[in-house]
1. Where both residues lie in the chain, what percent of DSSP beta bridges are antiparallel, nearest 5?
2. Quick check: with the 1.4 Å probe, what order do Met411, Met129 take by accessible area, largest first?
3. Name the residues whose placed amide hydrogens come within less than 5 Å of the amide hydrogen of Met95, ignoring near sequence neighbours (fewer than 5 apart) on the same chain.
4. Quick one: dipole size for the chain, taken about the Cα centre, charges +1 on Lys/Arg Cβ and -1 on Asp/Glu Cβ, in debye to the nearest 20.
5. Accessible area of Arg45, 1.4 Å probe, to the nearest 10 Å²?
6. Just the accessible area for Phe75, please: 1.4 Å probe, Å², rounded to the nearest 10?
7. Could you pull out every residue, at least 5 positions away or on a different chain, whose amide H is within less than 5 Å of the one on Ala322? Hs are placed 1.01 Å off N in the peptide plane, and Pro or chain starts have none.
8. Where Lys and Arg each count +1 and Asp and Glu each count -1, what net charge lies around Leu50 among other residues with Cβ under 14 Å from its Cβ?
Amino acid sequence: MTQLEAAKKGVVTEEMKKVAEKEGVNAEIIRERVAEGRIVIPFNRNHRGLKPCGIGKGLSTKVNANIGTSEKFPFLESELSKAIAAVEAGADTIMDLSTGGDLEKVRMAILSSIDAPVGTVPIYEVGVMAQNKYGSVIDFTEEELFEVIEKQAEEGVDFMTVHCGLTIEAVERLRREGRITDIVSRGGSFITAWMLKNEKQNPLYEHFDRLLEVARKYDVTLSLGDGLRPGCLADATDRAQIQELLILGELVQEAIKQGVQVMVEGPGHVPIDQIESNIRLQKRLCHEAPFYVLGPLVTDIAAGYDHIAAAIGGAIAAACGADFLCYVTPAEHLGLPDEEDVRIGVIASKIAAHAADIVKGIPGAWERDLKMAKARKNLDWEEQIKLSIDPKKARKYRQERNSSDVKTCTMCGKFCAMDIIAKYLNKEKSSC
Ligand SMILES: C[C@H]1O[C@@H](n2cnc3c(N)ncnc32)[C@H](O)[C@@H]1O
Ligand SMILES: Cc1ncc(COP(=O)(O)O)c(N)n1
Ligand code: MET
Ligand code: SF4
Ligand SMILES: [Zn+2]
């Protein structure tokens, strides 16, 4: 049984109980929301050592970190240490987006060393296989596509991006109406090129039932990819994007009916004033399935700092109801991230997620800030370091910029406002 099938039957699984405990939410509420498709727990029965993680309504906003080899950097070791660094920095899930070297070996290494849910985009391996075998990324058969999906499911992949809503009709609209950046989704570009070359419908759409069968067998959570997501502000919320979203909504309902857990991927590059309407549209059209957004980036010109552009968008999106933030690193649009880029990307997204959790009313979120405020007032540096999102960095600054015996910090020294006021405003010791 999948988590969804169990939930529908009224069964509270071990995984639901663990999610409930971690989040401070009643287990029956988790079951109910899994049954409705509003919470997913990506949990492939073949991923050994996996700790359950819930994504969706009423749960803390989760952060995903992308790693993976590429043609020019096909090295397993560096991607594995990026994945470990990402989890250490607070990533809740990892996506292996490898396209270089031995993909299966990298994936198996990630799956066996990471105890968080691991996601993939199977069409990437299909493309790499086609390139090696036939000399072109799009020279694959429908059979080969489903073989790779089944193989990855069997290996223990917990969630998969599948661009099922990218139909030939949506591509025709895009062509007819025009766009600035056309298609920026890598998987979306493979599927579109395949459809145009073969003059056939998207096999992930046409044979969605077959995909559901594989997903149900291993309890793989489907992450319905947005192949037509906007790649620049000017393309945001256009008719091609929304046409794909409409189809994704239909597929969400079908997946839930068939007992398959499902979430929906979203943009992309979106101006701030369109973020809320994007979230509302997704929730309305997709049966309130968990929404997994890439950023969104609120400007196109932050090259080198795109983690900031994405964290601004991510905070707004999550506050409006997005459930899952895909990180963006400072290397976005420029090259493959290194380990430090990965760490910075995760921290930026964690800040965005937490900022949203405060206003989402997530248990413990507000209280953490309150504790920090009190520690600041008390000039309790150890407590401040402990409560911060990146304690390593906080400790480094504290140690490098201050001698160990000072009560205040080098910013103001003996002119420290907190210290002066503590002496004169509340003569009796404050109770906090
Ligand atoms: C869809 C998102 O995935 C990111 N992306 C694609 N491939 C990799 C990789 N090997 N490592 C890290 N991020 C990757 C892109 O930069 C984009 O932000
Ligand atoms: C949030 C999110 N969106 C998209 C993708 C896939 O990337 P692509 O569509 O470029 O293949 C992803 N892995 N995560
Ligand atoms: C394929 S270019 C890298 C991804 C891009 N930033 C996007 O918006 O999807
Ligand atoms: S410009 Fe770089 S990141 Fe963007 S699609 Fe091309 S190779 Fe990928
Ligand atoms: Zn982009």
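The values are calculated or read from the model by the stated rules, or taken from the named source; none is laboratory data. Being a predicted model, the structure only gives us computed values, none of them experimental. Reconstructed Cβ throughout: ideal geometry from the backbone, glycine too, with neighbour counts over all protein chains shown. Each accessible area value is taken on the protein alone, full model and side chains, heavy atoms only, with ligands, DNA and RNA left out. Shrake-Rupley method; radii C 1.70, N 1.55, O 1.52, S 1.80 Å.
1. Values: 3 of 29 bridges.
Expressed as a percentage, antiparallel bridges in the chain total about 10.
2. Working: Met411 160, Met129 50 Å².
Heavy-atom accessible area, descending, gives Met411, Met129.
3. Those lying under 5 Å, H to H, from Met95 are Ala65, Asn66, Ile67, Gly119.
4. Values: 55 positive and 65 negative charges, 407 e Å.
Charge dipole, the chain, about its Cα centre: 1960 debye, nearest 20.
5. Approximately 120 Å² of Arg45 is accessible to the 1.4 Å probe.
6. Taking all protein chains as shown, Phe75 has close to 110 Å².
7. Hits under the 5 Å cutoff: none.
8. On the way: positive: Lys18, Lys22, Arg45, Arg48, Lys51; negative: Glu14, Glu15, Asp92, Asp115, Glu155, Asp158, Asp219.
Cβ neighbours under 14 Å give a net charge of -2.
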